[in-house]
Amino acid sequence: MSWHPQYRSSKFRHVYGKAASKDKCYDCVPITHNINDNHFCAVNPSFIAVVTECVGGGAFLVIPIKQTGKLDPHYPKVCGHKGNVLDIKWNPFNDFVIASCSEDATVKIWDIPNQLLKRNITTPKKELLGHARRVGLIEWHPTADNILFSSGYDYKIMIWNLGVMDAVISNPVKILDAHKDVVLSMSFNTDGSLLATACRDRKIRVIDPRAGTVLQEGSYKSHRVNKVSFLGNMKMLFSTGTSRWNNRQIALWDQNDLSVPLLEEDLDGSSGLLFPVYDSDTHMLYVVGKGDGNIRYYEISPEKPYLNYLMEYHSHLPQKGIGMMPKRGLDVAACEIFRFYKLIPTKSLIEPISMIVPRRSESYQADIYPPTAAAQPALTAEEWLAGINKGPLLVSLRPGSEAVKSLPQFPDQEPLTEATDLSQQQEAQGKISVEDKQKPREIERGRKRLKVEESLPENQQTCLSNGFDVFQCSPPKTESELLQMYYRQQEEIRRLRELVIQRDIQIKQLSLELRNLCTDTDD
């Protein structure tokens, strides 16, 4: 069982969930009563969108993220669909563009104004017509701009290029016709080159979306899958479903072999669906139960036992859906590593739940905030359709850093093995930003200071932050490792500067004491 290892060291061992106070919640929100198994909520740092009830069609609300408290009953809606809205997703690269799909067999793209809504929005920016039956799922591509996937009850997945000028698009760039039943879940790997799906025929498939070929297909008798998720770059899939005895169940799979799960575990006998949510930055996996108030969370490791149980957030208020805030919208000063928005229809309430790492220090905790995906695409739609793959652009969450001018990551390049100086490594990749070009001298000074520290006697050596020693680490082999080492070096330089300032103060104090001592001797 995943909770048996009792002495495993982890910086996320004591993560806890904290519900927001009532004044930080969104009250009097008419949440939808639709029985579809979707999130019904989408969040970004600017807005929270939630599917709502509407007479004579489908609608959803778009509320500014800071507009908490009671919602005006006449608050404007986005209401251009002729049927119930089934899914909504924000564009990951534009906080003012949202996609929605509906029972009316259409997908619509909406522009949201940056000021407070004063009237209903009824005219979409674009309308996608291609499905013969209702559209149940939509997903934006994680790294390519203007690429949207939609899945309908016609058993087809359609790929759309929204970069064209037409307001009505009837021809998708690709149709994936590999399923014999309704697709229940879609998930991309980190660079969006692979798509994992869970289907009502109980099969999990790994698909190359551009070629349209099924690379892996598997089903397991004792696991009826409902939702599936890629676990970042760990080459594993995580699925939730039910066992043959109708217990809620989770399973872990090798993405290259779906014949038998790596791990299978029954959770409880409840009937509600389980939503898997993976955070690739911290390697934490959250399992959110629909119809109950619990959020279980685990830590994923590449070796056995793979799934390490951490803790469970309990609440007596059941959730119908859930929204997730992107990392760039978190409160790093409070050591918040994830934030959920819990839909509670019985109370007409949306309640934020913050997952927090308890730390005493009030400074920025770089070890729990590695570089994360930025709000910029790594590829154009045409590049991705031509077969190019690139990982997401990365950005630091450190306060004061340029959150928009993120550092790009190019996985197509050769791994770095020869360069040892950080600036040389970045120049070899052609990736130094304007800000980074001003850093090599500071890095050199920091290294010289490190060498001075190493040359000191053992009892006078200073401890490096988080046990990180630049000179004992092997050269980074990926761009992500390179960026992490860069930010660690910057943190170490800052600490060394503080140490120099402290020693200057000590020298001044000792000089003053020596002067006072000489004065006393003369007297």
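Brief remarks on what is shown
- Taken over region 40-56, the criterion of being in contact with a Lys or Arg (Cβ under 8 Å, 6 or more places away or on another chain), more than 15 Å from GLU103 (Cβ to Cβ) and in a loop (DSSP other than H, G, I, E, B) is satisfied by PRO45 alone.
- On inspection, ARG205 fails the criterion of being open to solvent by 10 Å² or more (accessible area, probe 1.4 Å) and either touching a residue at least 12 places away in the same chain (Cβ under 8 Å) or out of contact with any helix residue (DSSP H, G or I) (no Cβ under 9 Å at 6 or more places or on another chain) (or both).
- Residue under evaluation ARG248, criteria (1) of a type outside the set (A, V, I, L, M, F, W, C); (2) more than 29 Å from THR372 (Cβ to Cβ); (3) in contact with a strand residue (DSSP E or B) (Cβ under 6 Å, 6 or more places away or on another chain); (4) open to solvent by 10 Å² or more (accessible area, probe 1.4 Å), criterion not met: (4)
- Strands (runs of 3 or more DSSP E) wholly inside region 208-319 that include at least 3 residues being of a type in the set (A, V, I, L, M, F, W, C) and either within 25 Å of the chain's Cα centre (by Cα) or at pLDDT below 95 (or both): 224-230, 236-242, 248-254, 274-279, 284-289, 307-313
- Checked against (1) under 22 Å from LYS82 (Cβ atoms); (2) of a type outside the set (A, V, I, L, M); (3) modelled with pLDDT of 95 or more, SER170 passes all but condition (3).
- Every test in (1) modelled with pLDDT of 95 or more; (2) surrounded by fewer than 19 Cβ atoms within 10 Å (Cβ to Cβ); (3) not small (Gly, Ala, Ser) is passed by LEU117 save one, and that test is (1).
- Residues of region 53-92 satisfying the condition of being open to solvent by 20 Å² or more (accessible area, probe 1.4 Å), polar (S, T, N, Q) and touching a strand residue (DSSP E or B) at 6+ places or on another chain (Cβ under 7 Å): THR68, ASN84
- No other residue among HIS81, HIS74, HIS33 is of a type outside the set (A, V, I, L, M, F, W, C), without any contact (Cβ under 8 Å) to a residue 60 or more places away in the chain and over 20 Å from ILE169 (Cα atoms) apart from HIS74.
- Test: residue in region 93-108 that is touching a strand residue (DSSP E or B) at 6+ places or on another chain (Cβ under 9 Å), aliphatic (A, V, I, L, M) and closer than 27 Å to LYS22 by Cα: no
The rows are residues; the columns are (1) touching a residue at least 60 places away in the same chain (Cβ under 8 Å); (2) touching an Asp or Glu at 6+ places or on another chain (Cβ under 6 Å).
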residue	(1), (2)
ILE350	yes, no
VAL357	yes, no
SER363	no, no
ILE368	yes, no
ALA375	yes, no
GLU382	yes, no
ASN389	yes, yes
SER396	yes, no
PRO399	yes, no
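- Scanning region 278-291 for residues that are free of Cβ contacts under 8 Å to residues at least 60 places away in the same chain and under 18 Å from ASN36 (Cβ atoms), we see that the one that is surrounded by the most Cβ atoms within 10 Å (Cβ to Cβ) is VAL288.
- Taking region 103-198 as the region of interest, the strands (runs of 3 or more DSSP E) fully inside it that hold 1 or more residues being of a type in the set (Gly, Ala, Ser) are 135-140, 147-152, 183-188.
- Within the span defined as region 423-431, every residue fails to be in a loop (DSSP other than H, G, I, E, B), more than 28 Å from TRP140 (Cα to Cα), open to solvent by less than 50 Å² (accessible area, probe 1.4 Å) and modelled with pLDDT under 50.
- Taking every residue in region 261-272 that is touching a residue at least 60 places away in the same chain (Cβ under 8 Å) and pairing it with any residue that is surrounded by 14 or more Cβ atoms within 10 Å (Cβ to Cβ) and among the small types (Gly, Ala, Ser), at least 6 positions away or on another chain, the pairs with Cβ-Cβ distances below 7 Å are LEU263/ALA251; GLU265/SER2.
- Residues that are within 27 Å of the chain's Cα centre (by Cα), open to solvent by less than 20 Å² (accessible area, probe 1.4 Å) and closer than 16 Å to PRO209 by Cβ within region 163-188 comprise LEU176, VAL183, SER185, MET186, SER187, listed in sequence order.
The values are calculated or read from the model by the stated rules, or taken from the named source; none is laboratory data. Fair warning: this is a prediction, and the values are worked out from it, not measured in the lab. So basically every Cβ, Gly included, is an ideal-geometry build from the backbone, and we count neighbours across all protein chains shown. Ligands, DNA and RNA are stripped out before the accessible areas are found, and what is left, the full protein with its side chains, is counted by its heavy atoms. Shrake-Rupley method; radii C 1.70, N 1.55, O 1.52, S 1.80 Å.
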